[in-house]
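Student: Okay, here's the structure, questions in a sec.
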Amino acid sequence: MKTPTITTRVSRELGNAINHGIYQPGTKLPGERLLAESLHVSRSTVRMALEDLERQGRVARSPQRGWFVPSPTVGEPPSTLQSFTEMARQRGHTPTAQVLEKAVRTATLDEANRLGITPGAEVLELVRLRGMNSTPICVDRNVLPLTVAHPLLDVDLTDVSLYDSLQTHCAVSIYRSAYSVQAEAAGAEHTALLRIAAGSPVLVGREIAYDRAGTPVLLGLNTYRGDAYRFHADLYRAE
C-alpha cells in the first residue's frame, strides 16, 4: 500500500477542516505560517497542500486576501432550464430550503396580467431561503395561481424542489422560463438572511415559468448573493 506523502496528508486535513465547517465558505484561512505551526510541517508543505486544494476548487487565493474558502456558486448551463436543487446537486452540494412565508392572497393587477388569470384571483405566495451546505445563497419569492398550486397548501416545502413538487403534487411540469437578471444593491430585507453587508451586490432574477402548453404557472423573484451565482447564455449574432 502506498503511503501518503506529507503534502497529501496536509491537503487531506485541510480539506476535512473545510468539510466540517472549521473554515466556513467565504472566510479567510489562517496564514501559511500559522497553518504550518498548527500542523507541525514546513510552510512550503502547507503551500503545496493549498495549491493542491486550489486545483480541486476547494480554496482560492488573492494577492490582497491570501488564501480563503470560496462561497459555493450556482448557475444554469447555457440554454438549459434547471431548478436550484438540480444546479446544487450537479455541483456536488447539498441544497436546502427554509420556508419563510407561505400564504394565500389576492393577485395584484400586474401578477394577474403576467399569469393570465382574472384580476383579484387568489394566488399562493411562497418565500424560501435557499442554501447550499448550510450557506445561504438566495431568497426565492414565488407566486403561483391557486388553481394550480392548491395541493401545495398541505405540502411541507422545506428542503425540496418547487419544480419537483409541482410535478408530483399538481401534475404540472415546468417546460420553459423567461428569465432576466439584473445587478442591484442588497436592501435591509436580504442582508441578514444572506449574511451580507448592507449595500453588497446581489443578482436579482425575474422569472415567468410556463408549462408545455405555454400556460404561465409561476412568477419568480430570486435574489442571489453576488458572489454565489453565475448566469450563462449562448449568444448568436443576428444574420
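The values are calculated or read from the model by the stated rules, or taken from the named source; none is laboratory data. The structure presented is a predicted model; accordingly, all values stated were derived computationally and were not measured. All Cβ positions, even for glycine, are placed from backbone atoms using ideal geometry, and neighbour counts span all protein chains on display. Areas reflect the complete protein model, heavy atoms only, side chains present, ligands, DNA and RNA absent. Shrake-Rupley method; radii C 1.70, N 1.55, O 1.52, S 1.80 Å.
Student: Could the peptides 189-195, 216-222 be put in order, highest first, of the mean number of other beta-carbon atoms found within 10 Å of their residues?
Tutor: 216-222, 189-195
Student: Amide H of Leu100: which non-local residues (sequence gap of 5 or more, or other chain) have their own amide H closer than 5 Å, using H built in the peptide plane?
Tutor: Val127, Arg128, Leu129
Student: Mind checking the full-extension length gain between Ala17 and Ser200? Use 0.36 nm per residue of separation minus the Cα-Cα distance, one decimal, nm.
Tutor: 63.1 nm
Student: Another question, if that's okay. Of all accessible surface on region 6-69 at a 1.4 Å probe, what whole percent is carbon and sulfur?
Tutor: Roughly 52 percent of what the probe reaches on region 6-69 is carbon or sulfur.
Student: Report the charge-dipole magnitude of region 138-188 in Debye, nearest 20, computed about the Cα centre from +1 at each Lys and Arg Cβ and -1 at each Asp and Glu Cβ.
Tutor: Roughly 240 debye for region 138-188.
Student: List every residue whose amide H lies under 5 Å from the amide H of Val160, counting only residues 5 or more places away in sequence or on a different chain, with H placed 1.01 Å from N in the peptide plane.
Tutor: Distant-sequence amide H within range of Val160: Ala97.
Student: Which whole-Hz couplings ³J(HN,Hα) result when phi for each residue of region 187-201 is put into the Karplus expression 6.51 cos²θ - 1.76 cosθ + 1.60, θ = phi - 60°, listed in order with x for Gly and Pro?
Tutor: x, 4, 4, 10, 4, 5, 5, 8, 6, 10, 6, 4, x, 4, x
Student: Can you work out the Karplus-derived ³J(HN,Hα) for every residue in region 140-147? Use 6.51 cos²θ - 1.76 cosθ + 1.60 with θ = phi - 60°, whole Hz, and x for glycine or proline.
Tutor: Listing the rounded values in order: 9, 10, 10, 10, 10, x, 5, 4 Hz.
Student: Right, here's the next one. When a/c is below 1.5 the answer is rounded, else prolate if a/b is larger than b/c, else oblate, so apply that to region 99-239 with a ≥ b ≥ c taken from the square roots of the Cα gyration tensor eigenvalues.
Tutor: Taking the square roots of the gyration eigenvalues as a ≥ b ≥ c, region 99-239 is oblate.
Student: What is the set of long-range amide H partners of Ala121 at a cut-off below 5 Å, with H atoms built 1.01 Å from backbone N?
Tutor: For Ala121, whose amide H was placed from the backbone, the distant partners under 5 Å are Ala107.
Student: Now for a separate question. Taking only protein heavy atoms and a 1.4 Å probe, what accessible area per residue, in Å², does region 123-239 have with all protein chains in place?
Tutor: Numbers: 5960 Å² over 117 residues.
Accessible surface, normalised per residue, equals 51 Å².
Student: Ok, one more. Give me a comma-separated list of calculated 3J(HN,Hα) values for region 173-181, in order, Karplus coefficients 6.51, -1.76, 1.60 applied at θ = phi - 60°, integers in Hz, x for any Gly or Pro.
Tutor: 10, 6, 10, 9, 9, 8, 10, 10, 10
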